[in-house]
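Let me begin by presenting the structure, written as structure tokens, before commenting on it.
The values are calculated or read from the model by the stated rules, or taken from the named source; none is laboratory data. Keep in mind that this is a model prediction, so the values were computed, not measured. Positions of Cβ are backbone-derived with ideal geometry, glycine not excepted, and every protein chain shown enters the neighbour counts.
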Amino acid sequence: MALAETQRALAQLYTNTRLRQQFCADPVAVSVALGLSAVEASQMARMSPSQLSLFAHSLRRKRLDEISKVFPLTHRALGLRFDALVEQYFDTQESKGTRTLLEDTQGVAKFLEETLRAERVEMWLRDMARYEVACVKSSRSKSVLMVLRFHFSIADLTRWLLQGKSGALPPSQCVWAVWIRMSPNGRLRHFLISLPRSLSRRNSEPLP
């Protein structure tokens with residue numbers, strides 16, 4: 001069995017629920033459609049549905065854990081809701097084949113941003129997610145100048161979350177976050193500029 005072709009076929013089966021269902025119904029036909037020879041398809045057909053499901057679940061769980069580490073504060077803030085949103089993202093991407101961790105990280109960033117905005121979640125939670133999404137976007141860009149405004153101090157929210165949300169939610173404060181990288185090989189610079197809370201109250205209109 002050709003190793004490269006088999007690995008590609010398995011990767012697609014592990015990451016695509018619909019394709020696995022089709023494989024279970026007609027493993028030889030699906031294997032051939034994935035580019036395997038008749039002999040290779042016959043060997044592939046010996047895999048049991050339980051084996052496929054087990055490997056698929058293991059891969060998705062591993063990828064979810066990797067993504068959670070990229071969005072540690074948003075993950076902490078959302079809890080199981082974060083896992084559910086990432087799983088929802090996976091389901092929307094299944095027909096697009098296998099993806100790298102970088103591709104999934106960027107995809108999750110966009111999905112989180114759009115979903116949380118549409119759901120009109122609490123502003124502090126949206127701030128936390130928007131901040132980590134922006135960090136991902138800026139770190140992957142060869143050159144960037146990004147300026148975003150937040151309703152809460154990112155430092156205050158971070159401490160509050162790491163302390164298990166003990167005590168009251170930090171008071172609102174207008175904060176500007178800036179990310180700058182002037183060239184592909186340049187250093188990414190990041191600044192947080194906080195307005196005094198007395199001024200922040202005058203600039204508390206909703207974010208777009």
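For segment 166-194, what are the residues that are surrounded by 12 or more Cβ atoms within 10 Å (Cβ to Cβ) and within 20 Å of Gly79 (Cβ to Cβ)?
The answer is Leu169, Pro170.
Condition first: under 16 Å from Trp176 (Cα atoms) and not in a strand (DSSP E or B). Now tell me which residues in segment 139-157 satisfy that.
Matches in segment 139-157: His151, Phe152, Ser153, Ile154, Ala155, Asp156, Leu157.
Scan segment 40-52 and tell me whether some residue there is part of a loop (DSSP other than H, G, I, E, B), in contact with a helix residue (DSSP H, G or I) (Cβ under 9 Å, 6 or more places away or on another chain) and among the aliphatic types (A, V, I, L, M).
yes
Across segment 6-32, what is the total count of residues that are surrounded by fewer than 16 Cβ atoms within 10 Å (Cβ to Cβ) and in contact with a Leu (Cβ under 6 Å, 6 or more places away or on another chain)?
Final tally of qualifying residues: 0.
What residue, of Val86, Val108, Val175, is of a type in the set (A, V, I, L, M, F, W, C), in contact with a strand residue (DSSP E or B) (Cβ under 8 Å, 6 or more places away or on another chain), assigned by TED's automatic domain parsing to the domain that holds Arg60 and at pLDDT 90 or above?
Val175
Considering only residues of segment 89-105 that are assigned to a helix (DSSP H, G or I), surrounded by 12 or more Cβ atoms within 10 Å (Cβ to Cβ) and of a type in the set (S, T, N, Q), which is modelled with the highest pLDDT?
Result: Thr105.
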